[in-house]
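Contents: one structure, followed by commentary.
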Amino acid sequence: MTEPTVRSALKLDIVIIGAGQAGLSAAYHLKKLGLAPGRDFIVLDQAPHPGGAWQYRWPSLTLSTVNRVHDLPGLGFADFAGTDDSVKASVAVPHYFAAYEEHFDLKVLRPASVNLVCDRGERLRIESDRGLFSARGIINATGTWENPYIPHYPGAETFAGRTLHTRDFRIADDFAGQHVLIVGGGISAIQLLDQISQVTRTTWVTRTPPRWRDGPFDEEAGRRAVAMVEERVRAGLPPHAVVSVTGLPVSPAIVAMRERGVLNRKPMFSQITPKGVRWDDGAELDVDVILWCTGFRSALDHLAPLQLREDNGGITMTGRLATQVAKDPRVHLVGYGPSASTVGANRAGAAAARELLTFLGLVQ
C-alpha cells in the first residue's frame, strides 16, 4: 500500500509492527475478530516490499533446501509456489506474502520504520519515519533479521581478512580460492558449510559439540522442544533457539558432508589474530574469511522506553502461548521465543490477537 507520510498522530486500537509470518497472521486474526484494517488497526513494515526476512535470503536457498514454508492462515502457500522446488525461497515466499496481503486487504504501510514506542497513559505512542500513531495496544512482530549476533572475541578488530555474518552470504563462489572459517552449530551454519566447502577450503568451529538427531522429528518432539523455550521466557529468561533443543537432523546432505570430511568440527577458538584465530593451547589457523553463523537476537530496541526487560536481559512472558508481556499486557511479542519458528508464529499471531482484544474489552 503506497500512502503519503502520516503527519499527525493517527489513533487506532492496535498497531502491528512487522509484516512477516507472525505479523500477517496477527493481522488476519484481528480482521477475523471484527477489526477493520486501516481504521481499527494498521500494520507497519520497515521492508520496502512484502516477504519479511525471506526477501533477503541467499539465492541458493530454494524451496527444496529450506526447512519448510508453513501456510499463513486462510490461504495456502502451495497455491502460489507450484511444484517447482528449484524456485528461490527469496522469490516464492515474498510472492506468497504479497498475494496474501492483497487477498485479505490487510493495508500494510511500507516502508515504515518504527523508532520508538512510548507509554502515554492509557495509550501507546508509536514514533515512525512515516509519522506518529497512537494505539491502545501493539503486537510486535519485528523478528530477528535486523539484529544479527556476532559474539566479541579478543583481537577481532585486528583481523585483516573479511568478517561476515549469515545475512551477508550470497553465493559460495564469492569465496573461491579463500580459506573460510565457519562459526556456529545451527542449521544455517551447516547449509553454508555444505555449499562453501564444495568450492573452497573450509574449517568449522562450534562453541559446543553439535547434537545430531537421527530418525524423524515428530509432532510430539516438536511440542517438547517449543515447551522448553516457552518455559524460559515465562520465567523471564532470554530465549534459546528452538534448534538448540531439537538437535540437527541427519539428512542425506549431512551424510554426504561426512563422506567429504567437512564435518570435522573444531572447538571454539579463544582469540582472533590479524591472520586468523588462536586456541587456548597456542594452536593458530590462518584464514581469509570468518563467517559468523551465530544467529540473531530479537529486534526490540524500539521498545526500550517501555522498560520491559528484566535485569538479565530477558522479558517475562505470559498468556496462553507466552506472547503477552507481563510488565505491560498491552504489548504482545510474536515471533519471540517459542513462536520464533514459522509454524509457531502462526499460532502466536492468533493467540495474541484474541488475548489483546479481550484485554482491551473489544471482544468477549
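The table for this structure:
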{"item": "Looking only at the range 101-145, and only at residues there that are touching a residue at least 12 places away in the same chain (Cβ under 8 Å) and part of a helix (DSSP H, G or I), the one that is nearest to Gly337 (Cα to Cα)", "result": "Glu101"}
{"item": "Residues of the range 351-362 satisfying the condition of being in contact with a Lys or Arg (Cβ under 9 Å, 6 or more places away or on another chain), assigned to a helix (DSSP H, G or I) and either basic (Lys, Arg) or touching a residue at least 40 places away in the same chain (Cβ under 8 Å) (or both)", "result": "Ala353, Arg354, Leu356, Phe359"}
{"item": "Some residue of the range 13-25 being more than 18 Å from the chain's Cα centre (by Cα), surrounded by 18 or more Cβ atoms within 10 Å (Cβ to Cβ) and under 20 Å from Asn115 (Cβ atoms)", "result": "yes"}
{"item": "Residue match in the range 210-227 (condition: closer than 30 Å to Asp286 by Cβ, modelled with pLDDT under 95 and in a helix (DSSP H, G or I))", "result": "no"}
{"item": "Test result for Gly185, part of a loop (DSSP other than H, G, I, E, B), buried (at least 20 other Cβ atoms within 10 Å of the Cβ) and at pLDDT 90 or above", "result": "yes"}
{"item": "Among the residues listed as Gly319, Gly282, the single one being surrounded by fewer than 23 Cβ atoms within 10 Å (Cβ to Cβ), at positive phi and not assigned by TED's automatic domain parsing to the domain that holds Asn115", "result": "Gly282"}
{"item": "Subset of the range 82-132 (residues that are farther than 26 Å from Val331 by Cβ and out of contact with any strand residue (DSSP E or B) (no Cβ under 8 Å at 6 or more places or on another chain))", "result": "Gly82, Thr83, Asp84, Ser90, Val91, Ala92, Val93, Pro94, His95, Ala98, Glu102"}
{"item": "Qualifying residues in the range 29-73 (those that are among the aromatic types (Phe, Trp, Tyr) and surrounded by fewer than 24 Cβ atoms within 10 Å (Cβ to Cβ)) - the one modelled with the highest pLDDT", "result": "Tyr56"}
{"item": "Test result for Pro329, of a type outside the set (A, V, I, L, M) and either part of a loop (DSSP other than H, G, I, E, B) or surrounded by 22 or more Cβ atoms within 10 Å (Cβ to Cβ) (or both)", "result": "yes"}
{"item": "Selection from the range 257-280 of residues that are of a type in the set (D, E, K, R), in contact with a Leu (Cβ under 9 Å, 6 or more places away or on another chain) and not in a loop (DSSP other than H, G, I, E, B)", "result": "Lys266, Arg278"}
{"item": "Matching residues in the range 148-182 - criterion: being in contact (Cβ under 8 Å) with a residue 60 or more places away in the chain and under 19 Å from Arg260 (Cα atoms)", "result": "Ala172, Phe175, Gln178, His179, Val180, Leu181, Ile182"}
{"item": "Residue that is farthest from Ala53 (Cα to Cα) [pool: residues in the range 91-143 that are out of contact with any Lys or Arg (no Cβ under 9 Å at 6 or more places or on another chain) and hydroxyl-bearing (Ser, Thr, Tyr)]", "result": "Ser128"}
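Conditions (1) assigned by TED's automatic domain parsing to the domain that holds Val117; (2) at pLDDT 95 or above; (3) surrounded by 15 or more Cβ atoms within 10 Å (Cβ to Cβ), marked per residue:
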residue	(1), (2), (3)
Glu231	no, no, no
Arg234	no, no, yes
Pro238	no, no, yes
Ala241	no, no, yes
Gly276	no, yes, yes
Arg309	yes, yes, yes
Gly313	yes, no, no
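Condition check ((1) more than 30 Å from Gly38 (Cβ to Cβ); (2) of a type in the set (D, E, K, R); (3) in contact with an Asp or Glu (Cβ under 8 Å, 6 or more places away or on another chain)) across all residues:
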residue: Leu124; (1), (2), (3): no, no, no
residue: Glu146; (1), (2), (3): no, yes, no
residue: Ile150; (1), (2), (3): yes, no, no
residue: Pro154; (1), (2), (3): yes, no, no
residue: Asp168; (1), (2), (3): yes, yes, no
residue: Ile196; (1), (2), (3): yes, no, no
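The values are calculated or read from the model by the stated rules, or taken from the named source; none is laboratory data. Quantities reported herein were computed from a predicted structural model and do not represent experimental measurements. Don't worry about glycine lacking a Cβ; one is built from the backbone with ideal geometry, like all the others, and counts go over all protein chains shown.
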